[in-house]
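What follows is a short report on a single structure.
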Amino acid sequence: MDYGEKSDKELVRLCRRGDERAARELVTRFERPVFSIVWRMVRDRELAEDLAQDVFVRTFNHLDRYDPAFKFSSWLFKIAYNLTVDHLRRRDLPTVSVHGAPDAVTAERQEATSLALESDEEPPDARIEAKELAGEMEAAIAELREDYRTAILLRHVEGRAYEEIAEIMDVPLGTVKTYIFRARRELRDRLSHLADDRGG
Amino acid sequence: MSDTTREATAHLADEAVERIAFGGKAAPAEGRHLAGCDRCRDEVAGLRGLHARLAVLPPLAPSADFADRVMARVRLPEPRPARALATLRANPRAALAAAASALLAVVGAVTWIVAYPAITPGAVAALLADRGAALAWQGVLAAGRAVYESGIGSLLSAFRADLTPWTAIAGLLTLALVAIGSMGVMLRLMEVTPPFRARSARMTDG
């Protein structure tokens with residue numbers, strides 16, 4: 001049985017019958033987008049891995065609560081959003097740069113709190129420039145309100161539709177549009193110097 | 001105010017800006033407006049640039065053993081046959097109720113075969129196919145008459161002088177309904193929850 005070709009809902013059906021390989025396929029399929037959005041919310045790699053694990057564990061241990069009328073990815077992201085927001089509201093997390101948390105005093109801690117890029121096949125200069133640009137983008141995103149940040153990441157990075165984002169964040173469609181439009185405005189204002197520096 | 005004037009003074013809605021910025025086709029009126037409105041052209045260009053920057057954010061990946069660590073903590077439901085056996089092992093009273101019901105069904109079938117050896121399932125099927133409902137109704141009447149003449153009728157007649165096969169049939173049906181109801185009460189007292197009740201209790205989100 002090729003699990004890679006099965007739809008999310010078929011895999012969920014198999015998981016409900018106790019099929020662990022179906023569960024592993026779902027984890028493999030969604031680990032990067034879930035980790036990505038959690039990391040960009042909490043800005044700490046170790047913490048993001050812990051929270052992302054919790055997201056999947058909660059998802060699979062409560063599969064009986066999943067309603068197949070909705071997309072599995074929407075439900076998964078909804079759990080990720082709720083868990084992450086709950087964590088953010090319990091702690092006052094600092095904003096960190098892509099190079100690691102400001103309180104990272106050892107090399108190990110800096111590595112643990114910095115971004116993990118998937119590929120480093122670019123030339124070194126391009127990697128440095130990309131990392132600097134990414135750093136400015138990530139810093140600008142980190143300064144957004146958490147709901148603006150979630151909405152714009154789901155829309156522009158994960159490519160989710162407005163209606164799906166409304167389901168994930170459990171807010172009206174109009175509220176999602178407001179979040180995204182305001183987030184765009186703030187990011188454009190904060191990043192306008194990049195366009196000036198690079199001549200466009 | 002004319003449509004042209006309205007076009008000149010009103011700017012594009014946010015939805016139109018997004019649609020055009022992401023490659024969607026501009027309506028004729030939108031195209032005319034963009035040609036003459038610096039602000040809206042800047043909005044479209046700015047959104048395209050922002051989207052391009054967001055789209056090239058580095059892809060993030062968790063550690064290589066992330067899936068292994070997740071699976072070590074996940075508890076999937078057991079496969080259905082194993083789950084049914086586990087339920088019976090965990091609830092001996094449910095197993096006893098199930099076994100008692102099965103035994104009653106077997107005893108009833110054996111009693112029927114012993115009491116009426118000529119009436120095999122094949123013979124019943126043939127008769128029903130031949131004479132259908134009429135035979136079925138005659139069978140019901142015969143069962144009632146048999147009960148009446150078996151001695152139960154005389155016993156009951158001590159309580160009711162006008163007992164007839166009809167009242168005997170009605171009495172049997174009543175007894176059957178009472179038995180089914182009693183079984184339900186017994187299961188409730190033994191704290192055996194029907195499956196459909198357990199499922200409807202879990203109506204929460206993630």
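Please treat every number below as a calculation from the coordinates, not as lab data. Because the structure is predicted, anything quoted here is derived from the model rather than measured. Quick reminder, even Gly has a Cβ in these numbers, built from the backbone with ideal geometry, and neighbours come from all protein chains shown.
Side notes on the structure shown:
- Peptide A:60-66 has a mean shielding of 5, counted as Cβ atoms of other protein chains within 10 Å of each residue's Cβ.
- Residue exposure sequence - A:TRP39, B:TRP137 - by fewest surrounding Cβ within 10 Å: B:TRP137, A:TRP39
- Panel order for A:HIS62, A:HIS193, by other beta carbons found within 10 Å of each beta carbon, from fewest to most: A:HIS193, A:HIS62.
- When both region A:1-48 and region A:175-190 are represented by their alpha-carbon centers, they are found 29 Å apart.
- Förster radius 45 Å - calculated FRET efficiency between A:ASP86 and B:LEU177, Cβ distance, rounded to 0.05: 0.25
- Around B:ALA13: net Lys/Arg minus Asp/Glu count, Cβ-Cβ under 11 Å: -3
- Residue-by-residue Karplus 3J(HN,Hα) for region B:59-66, coefficients 6.51, -1.76, 1.60, Hz, glycine and proline x: x, 9, 9, x, 5, 5, 9, 4
- The distance between label points at B:LEU104 and A:ASP2 comes to 5.3 nm (points 7 Å beyond Cα on the Cα→Cβ vector).
- Summary value for region B:3-55: 39 percent relative contact order, contacts being C-alpha pairs under 8 angstrom separated by 6+ residues.
- Per-pair calculated FRET efficiency, R0 = 60 Å: B:LEU187 and A:ARG182 via Cβ, rounded to 0.05: 0.55
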